[in-house]
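Colleague: One structure follows; several queries about it will come next.
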Amino acid sequence: MLITFGRLTHRLKFLLLLLTLLITSCQQKPMEVKVIQNLVYGNYNSQNQEKALLLDLYLPETKPDKPLPLLIYIHGGGWLRGTKEYCPGKIVAQRNYAMACISYRFSNEALFPAQIHDVKKAVRWLRKNADKYDIDPNIFGVWGPSAGGHLSALLGTSAGVKELEGTNNPEISSAVQAVCSWYPVTDFTKVTPAFDEPITPAVEEKYKDKEWYGYTLVTNKLLGGPVSQKLELAALANPINYIDAQDPPFLIMHGEKDNVVPMSQSVLLADALSEKGVEVQLEKKNLIGDIIMVEVKLLTLL
């Protein structure tokens, strides 16, 4: 099911084109791809050790005639796991686009807003180094599933929000020109009542058979406690709290059978964007959320 609000701009068409290219990648002769791995876009301290924030850059091997649009990929994993290596960067670069797949701090090392600080730091680093890699600094899209979908949506709606910008190159914009968000959490206070319960052995026993309860656990780790006890931080993490008419167009995808992140979370985001006059397209897939991601993982093996 496809639900579209407003007209399609070239920026939203850019995202739709990229996703179409992923689906049809086997039907066309691909370009050669250059992969630059483990570029350091920032550093952080963890347990008195300096650690690097890394990204991988996928580019066409042949130098382009003009700077390339860039798609930034933010992996999922409950803000607690996952890797930048699960990335369809080669497929995107084969179609004459640039793609950056980024790492970010997990919640077992730092609570929110560290994750969005890292994402914005990566955006600014990429914009600062755009000329070096033949990237167009004015055409940045972002795409992510699950936790990456949440961070993608938050990146798209919170440009210039001081509490979420973090450090490094503050004079450079962290704004993106298009957003593709897959099955994101968009309002932590409206996911499930279990988000309000502290984690105790009794609560774990009560919900252990519920597939969505794992998301409760990782959300508590992200915020440092149940949503009911972290309402201010939860509000800071909600993408819908920052929407205005200047936000970029959104493409939102969600599985109608998703039993972890409710479809209603994507509907909330789409409705809120539409109310502010932001172009948004919501595509409902007759799948559970993570099956969509499996399709992309399989494509990376082609």
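Read-outs throughout are calculated quantities, based only on the coordinates presented, and are distinct from any laboratory measurement. Note that the structure is a prediction, hence the values are computed from the model and not measured. When we count neighbours, we look across all protein chains shown, and the Cβ atoms used for this are built from the backbone with ideal geometry, even at glycine.
Colleague: If you rank 107, 228, 274 by fewest surrounding Cβ atoms within 10 Å, what's the result?
Modeller: 228, 274, 107
Colleague: For the stretch 79-180, what does the alpha-carbon gyration tensor say about shape, rounded, prolate or oblate, given a ≥ b ≥ c as the root eigenvalues, a/c under 1.5 as rounded, and a/b over b/c as prolate?
Modeller: On the way: a/c = 1.73, a/b = 1.17, b/c = 1.48.
Oblate is the answer for the stretch 79-180, as a/c is 1.5 or above yet b/c matches or exceeds a/b.
Colleague: Taking the Cβ of residue 56 as the center, what net charge do the other residues with Cβ under 14 Å away carry, scoring Lys and Arg +1 and Asp and Glu -1?
Modeller: Neighbourhood net charge equals +2.
Colleague: Taking amide H atoms as placed 1.01 Å from N in the peptide plane, list the residues 5 or more away in sequence, or in a different chain, whose amide H sits under 5 Å from that of residue 252.
Modeller: So residue 252 has HN proximity to 181, 281, 282, 283.
Colleague: Return the sequence-ordered ³J(HN,Hα) values of the stretch 142-151 in whole Hz as given by the Karplus equation 6.51 cos²θ - 1.76 cosθ + 1.60 applied to θ = phi - 60°, using x for Gly and Pro.
Modeller: For the stretch 142-151, the Karplus-derived couplings read 10, 8, x, x, 6, 4, x, x, 4, 5 Hz, x marking Gly and Pro.
Colleague: I need 269, 164, 71 ordered by Cβ neighbour count within 10 Å, fewest first.
Modeller: Least crowded to most crowded, the residues run 164, 71, 269.
Colleague: So who's got an amide H within less than 5 Å of the one on residue 71, skipping anything under 5 residues away but keeping other chains? H placed 1.01 Å off N, in plane.
Modeller: Residues meeting the amide H criterion: 98, 99, 100, 141.
Colleague: Using the number of other C-beta atoms within 10 angstrom as an exposure proxy, rank 103, 174, 152, 181 with the fewest first.
Modeller: Listing 103, 174, 152, 181 from fewest to most nearby Cβ atoms yields 103, 174, 152, 181.
Colleague: Right, here's the next one. Given H placed on each backbone N at 1.01 Å, which residues far from residue 34 in sequence or on other chains put an amide H within less than 5 Å of it?
Modeller: Under 5 Å from the amide H of residue 34: 59, 61.
Colleague: Can you list the HN-Hα couplings for the stretch 96-107, worked out from phi with the Karplus curve (6.51, -1.76, 1.60; θ = phi - 60°), rounded to whole Hz and with x for Gly and Pro?
Modeller: 6, 10, 9, 9, 10, 10, 10, 9, 7, 5, 8, 5
Colleague: Let me ask you something else. Would you tally the net charge around residue 40, using a Cβ to Cβ cut-off of less than 15 Å, leaving residue 40 out, and scoring K and R as +1, D and E as -1?
Modeller: Residues close to residue 40 contribute a combined charge of +4.
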